[in-house]
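Engineer: Quick one: structure below, then a few questions.
The values are calculated or read from the model by the stated rules, or taken from the named source; none is laboratory data. Since the structure is predicted, the reported quantities are computational estimates derived from the model, not experimental observations. Positions of Cβ are backbone-derived with ideal geometry, glycine not excepted, and every protein chain shown enters the neighbour counts. Side chains are part of the model used for accessible areas, which takes the heavy atoms of the whole protein and leaves out ligands, DNA and RNA. Shrake-Rupley method; radii C 1.70, N 1.55, O 1.52, S 1.80 Å.
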Amino acid sequence: MLITGVTGFVGSELAGWLLDEGVPFRTGSRHPLETKEMLDSHLADSVYFDFEKDSTYEKTFSGVKRWFLTRPSNIGDVEPIVNAMKAAKECGVERLVFLSVLGAERMGFLPHRRIEKAIMELGFNYTILRASHLMQDFLKYQILPMKEDHEINAPAGFAKISFVDSRDVAEIAYLALRNSLTAKDVYKVTGKQALTMKEAAQLFSEELNTVITYSNPTKHQFLEYCYHRGYSSSLAKQLANIYTSAKNGFFKTTSLDTEKLLQRQPRGMQEFIQNYKPIFLDN
């Protein structure tokens, strides 16, 4: 079993599931020593892997039957990812679980959609998880404006977003890798309710006992903010596009898939804030 993207919110939670269940697995990353130190377990084999270096493919995929794939944010072109998938197929990888995004089927310009099509064309036994906006992105991209300016800074307008907790996404990925799910399926992985960013700010205010507002900047204002923060141009544009997609309603759908797969209700925004409250309040 292979995880690429193990340092991400979903990948790290998935690794935790495998470790808790005593399942041996391999991780492929450009920083294997750091990954090995992070996981700190004899069950995890960490190897050097780079989508853009085909010399790393054989060692990464050799002996692997199942692969959890996330698209690296630093790679804009899907060609290296498709090349890696072709190599994986030749090495004997049979099952591929791909973390995609909600609405990918309607956004042909997204690299996620092009990856989805390649997975299907290559003949993998696959599960595609089209996940809505992750709640944990508040920890990564909104925690500074929330702490310093007491605001959520995102050009998402006032559209509803079916925020989903990465812990729920990881649990579904675990079930898919363990073959608890039917092959060649696509699921919409969402939270149980859709909220606007303004409504999310209100929940943060209530749970953190401090006023958090929603600034609703324009896309241009948001890009300027990102550059001021030192974000790379590619990351800034990627975030702006994600929030703009939300503004255009691509993340408003709520689906019963998550509840059916987990056999329980997915976590809500209030529970997420309560669970991570010490991080949001830490100065």
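Engineer: Normalised by the number of residues in the stretch 39-123, what is the relative contact order in percent for Cα pairs under 8 Å and 6+ residues apart?
Structural biologist: Over the stretch 39-123, the number comes to 29 percent.
Engineer: Something else about it: Using C-alpha positions alone, give me the convex hull volume of the stretch 2-43 per residue in cubic angstrom.
Structural biologist: Per-residue hull volume (Cα only) is 58 Å³.
Engineer: Same structure, new question: I'd like the antiparallel share, as a percent to the nearest 5, of DSSP beta bridges with both residues in the stretch 110-238.
Structural biologist: 10
Engineer: Roll a 1.4 Å probe over the protein chains and send me the accessible area per residue for the chain in Å². Let's see the in-between values first.
Structural biologist: Details: 13160 Å² over 283 residues.
Accessible area per residue: 47 Å².
Engineer: A further question follows. Compute the helix-to-body angle for 219-229: its Cα long axis versus the longest principal axis of the chain, expressed 0 to 90° and rounded to tens.
Structural biologist: 80
Engineer: Using θ = phi - 60° and the Karplus curve 6.51 cos²θ - 1.76 cosθ + 1.60, what whole-Hz ³J(HN,Hα) does each residue of the stretch 262-269 get, with Gly and Pro shown as x?
Structural biologist: Taking θ as phi minus 60°, the curve returns 7, 6, 6, 6, x, 5, x, 4 Hz for the stretch 262-269.
Engineer: Which ³J(HN,Hα) values, rounded to whole Hz and listed in residue order, are derived for the stretch 136-153 from phi using the Karplus coefficients 6.51, -1.76 and 1.60 in 6.51 cos²θ - 1.76 cosθ + 1.60 with θ = phi - 60°, glycine and proline given as x?
Structural biologist: The phi angles translate into 5, 5, 4, 5, 8, 10, 10, 5, 5, x, 5, 6, 8, 10, 6, 8, 9, 10 Hz.
Engineer: Moving on. Return the loop-located chymotrypsin sites (Phe, Trp or Tyr not before Pro) in the stretch 150-243 (DSSP other than H, G, I, E, B) with at most 14 other Cβ atoms within 10 Å of their own Cβ; answer none if there are none.
Structural biologist: Hits after loop and neighbour filter: Phe158.
Engineer: If you average the sequence gap of Cα pairs under 8 Å that are 6 or more apart and divide by the length of the stretch 81-188, what percent do you get for the contact order?
Structural biologist: Numbers: 118 pairs, mean separation 34.8, N = 108.
It rounds to 32 percent for the stretch 81-188.
Engineer: Follow-up. Pull out a ≥ b ≥ c, the square roots of the eigenvalues of the alpha-carbon gyration tensor of the stretch 1-159, then state rounded if a/c is under 1.5, prolate if not and a/b is larger than b/c, and oblate in the remaining case.
Structural biologist: Oblate, because a/c is 1.5 or more while a/b does not exceed b/c.
Engineer: Using only helices, what value at 222 nm comes out for the chain when you add -39,500 (n - 2.57) per DSSP H run of length 4 or more and divide by the total residues, to the nearest 500 deg cm²/dmol?
Structural biologist: -12500 deg cm²/dmol
Engineer: Carbon and sulfur together cover what percent of the accessible area of the stretch 60-116 at a 1.4 Å probe radius?
Structural biologist: 48
Engineer: Taking only Cα atoms, what is the 0 to 90° angle, nearest 10, from helix 9-20's long axis to the longest principal axis of the chain?
Structural biologist: Around 50 degrees separate the two axes.
Engineer: Let me ask something else about it. Where the accessible area of the stretch 229-280 is counted over protein heavy atoms with a 1.4 Å probe, how much of it, in %, is carbon and sulfur?
Structural biologist: On the way: 1290 of 2800 Å².
Answer for the stretch 229-280: carbon and sulfur cover 46 percent of the accessible area.
Engineer: Under 1.5 on a/c is rounded, so check that first for the stretch 218-283, then, if it is not, pick prolate when a/b is larger than b/c and oblate when it is not; a ≥ b ≥ c are the square roots of the alpha carbon gyration tensor eigenvalues.
Structural biologist: Values: a/c = 3.10, a/b = 1.46, b/c = 2.11.
Judged from the Cα gyration tensor, the stretch 218-283 comes out oblate (a/c at least 1.5, b/c at or above a/b).
Engineer: While we're on this one: Report the local net charge at Ala104: Lys and Arg +1, Asp and Glu -1, summed over other residues whose C-beta lies under 9 Å from its C-beta.
Structural biologist: Surrounding charge for Ala104 is +1.
Engineer: Here's another thing I want to ask about it. Explain nothing, just the number: dipole magnitude of the chain about its Cα centre with +1 on each Lys and Arg Cβ and -1 on each Asp and Glu Cβ, in debye rounded to the nearest 20.
Structural biologist: 780
Engineer: Count charges around Glu121 for me, please; just the other residues with Cβ under 12 Å from its Cβ, Lys/Arg as +1, Asp/Glu as -1.
Structural biologist: Summing Lys and Arg as +1 and Asp and Glu as -1 gives +3.
Engineer: What are the ³J(HN,Hα) couplings of the stretch 158-163, residue after residue, when phi is run through the Karplus curve with 6.51, -1.76, 1.60 and θ = phi - 60°? Round to Hz, x for glycine and proline.
Structural biologist: So the Karplus estimates, Gly and Pro as x, are 10, 6, 6, 10, 8, 3 Hz.
Engineer: Quick one: dipole size for the stretch 4-104, taken about the Cα centre, charges +1 on Lys/Arg Cβ and -1 on Asp/Glu Cβ, in debye to the nearest 20.
Structural biologist: Details: 11 positive and 15 negative charges, 54 e Å.
About 260 debye.
Engineer: Here's another thing I want to ask about it. Determine the shape class of the stretch 97-191: with a ≥ b ≥ c the square roots of the Cα gyration tensor eigenvalues, call it rounded for a/c under 1.5, and otherwise prolate if a/b is greater than b/c, oblate otherwise.
Structural biologist: prolate
Engineer: Still on this structure: Hey, if you put +1 on the Cβ of every Lys and Arg and -1 on every Asp and Glu Cβ in the stretch 143-188, which of Ile143, Tyr174, Gly157 ends up farthest toward the positive end of that dipole?
Structural biologist: It is Tyr174, whose Cα lies furthest towards the positive end.
Engineer: Going down the table (Lys36/Lys237; Lys65/Lys252; Lys188/Lys247), which pairs top 28 Å between alpha carbons? If you can, show how the numbers build up before the last one.
Structural biologist: Working: Lys36/Lys237 31 Å; Lys65/Lys252 35 Å; Lys188/Lys247 19 Å.
Long pairs (Cα-Cα over 28 Å): Lys36/Lys237; Lys65/Lys252.
Engineer: Which value, in debye to the nearest 20, describes the size of the charge dipole of the stretch 56-139 about its Cα centre when Lys and Arg Cβ atoms bear +1, Asp and Glu Cβ atoms bear -1, and nothing else is charged?
Structural biologist: 160
Engineer: Taking the Cα atoms only, what angle lies between the long axis of helix 233-247 and the longest principal axis of the chain, rounded to 10 degrees?
Structural biologist: 70
Engineer: Which percentage, to the nearest 5, of the DSSP beta bridges contained in the chain is antiparallel? Please list the in-between numbers first.
Structural biologist: Details: 1 of 31 bridges.
Given both bridge residues lie in the chain, the antiparallel proportion sits at roughly 5 percent.
Engineer: Where the eigenvalues come from the Cα gyration tensor of the stretch 137-236, what are the semi-axes √(5λ) of the equivalent ellipsoid, largest first, in whole Å?
Structural biologist: Semi-axes, largest first: 30, 18, 13 Å.
Engineer: So who's got an amide H within less than 5 Å of the one on Leu2, skipping anything under 5 residues away but keeping other chains? H placed 1.01 Å off N, in plane.
Structural biologist: For Leu2, whose amide H was placed from the backbone, the distant partners under 5 Å are Arg26, Arg66, Trp67, Phe68.
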